[in-house]
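These notes concern the structure reproduced below.
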Amino acid sequence: MNHKGTKVILTERLKLRRIELSDADMAFKNWCSDPDVTKFLTWPTHKSPDQTKAIFESWIKEYSRDDYYQWAICFKDTDEVFGTISVVEVREKVDRVEIGYCISKKYWHQGYTSEALAALLPFFFEEVEVNSVCLDHDINNPNSGRVMKKCGLKMDGILRQAAKNNQGIVDIAVYSMTKEDYFKN
């Protein structure tokens, strides 16, 4: 892979950019403190803005690495932060990245997550030169799977009792797109 680090990516409505410490209060208010947003995630609902700030501080330190990818999802015109999308695992041996995302409940079902994910696919396949992109979701969260399908990922299958999130040990649906899939489209 040809790692590029977290760079600004623009879409029709969105700006994907590095997290800033000044985003912490808005992130806490918009999604980190919402148990509906964190229900299917692997990290707990934040109890205070200080908790969000501490996590953001740790993420910001990682931006010095070229293989670190963590974006704030913002509106292009206002820079309001309402979610994140990031690489949660890099598998160098097979040139694969696994992506995770979450956004404020206020903006669910409006195509923002799909727009953010779709913007990352050209970046990873054309610039970073990955062999594949992978995502998964708790099978009890089918809306996340719809995002993946909308972006052209194919379901590889369901892994039983293969992950743990805030609901406990769960079955996950795994989706991927290979380099061949991407360049066919």
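Could you do me a favour and compute the accessible area per residue for the range 1-149, 1.4 Å probe, result in Å²?
On the way: 7190 Å² over 149 residues.
Value returned for the range 1-149: 48 Å² of accessible area per residue.
Quick query: amide H of residue 14 versus all other amide H atoms, modeled in the peptide plane; which residues come in under 5 Å with a sequence gap of 5 or more or a different chain?
Result for residue 14 returns 76.
Carbon and sulfur together cover what percent of the accessible area of the chain at a 1.4 Å probe radius?
Roughly 48 percent, rounded to a whole number.
Within the range 26-57, what residues put their amide N at less than 17 Å from the label point 7 Å along the Cα-to-Cβ vector of residue 78?
Within reach of a label on residue 78: 26-32.
Around residue 9, what is the net charge, scoring Lys/Arg as +1 and Asp/Glu as -1 over all other residues with Cβ under 15 Å from its Cβ?
Net charge in that neighbourhood comes out at +2.
Lysines within cross-link reach of residue 149: Cα-Cα under 19 Å, excluding same-chain residues under 8 positions apart?
Straight-line reach from residue 149, under 19 Å: 179, 184.
First select every other residue whose beta carbon is under 13 angstrom from the beta carbon of residue 34; then total the charges, Lys and Arg +1, Asp and Glu -1.
+4
Excluding residue 134 itself, calculate the net charge of residues whose Cβ lies under 10 Å from the Cβ of residue 134, where each Lys or Arg counts +1 and each Asp or Glu counts -1.
Net local charge, residue 134 excluded: -2.
Taking 0.36 nm per residue of separation and subtracting the Cα-Cα distance, what length does fully extending residue 150 through residue 127 add?
Details: separation 23, 0.36 × 23 = 8.28 nm, distance 2.20 nm.
Additional length available on full extension: 6.1 nm.
For residue 129, list long-range residues whose amide hydrogen, built 1.01 Å from N in the peptide plane, is under 5 Å from its own amide hydrogen.
2
Check which residues have an amide H placed less than 5 Å from residue 167's amide H, if you skip close sequence neighbours.
Hits under the 5 Å cutoff: none.
Loop by DSSP (not H, G, I, E, B), at most 15 other beta-carbon atoms within 10 Å: where is the longest site-free stretch of the chain for chymotrypsin sites (Phe, Trp or Tyr not before Pro)? Please list the in-between numbers first.
Numbers: sites that count: 63, 108.
Answer from the scan: 109-185.
Add -39500 (n - 2.57) for each DSSP H run of 4 or more in the chain, then divide by its residues: what number comes out at 222 nm, to the nearest 500 deg cm²/dmol?
-7000 deg cm²/dmol
Could you calculate the contour length gain from residue 88 to residue 50, that is, 0.36 nm times the residue separation minus the distance between their Cα atoms, to one decimal place in nm? Walk me through the numbers before you get to the answer.
Details: separation 38, 0.36 × 38 = 13.68 nm, distance 2.26 nm.
Stretched fully, the residue 88-residue 50 segment lengthens by 11.4 nm.
Rank 24, 118, 163 by mean-square fluctuation in a GNM of the chain with C-alpha springs under 10 angstrom and give only the top-ranked residue.
163
The values are calculated or read from the model by the stated rules, or taken from the named source; none is laboratory data. Quick caveat: nothing in here was measured; it's all calculated off a predicted structure. Ideal geometry is used to build each Cβ from the backbone, glycine not excepted, and the neighbour counts take in all protein chains shown. These area figures cover heavy atoms from the full protein model, side chains too; ligands, DNA and RNA do not enter into them. Shrake-Rupley method; radii C 1.70, N 1.55, O 1.52, S 1.80 Å.
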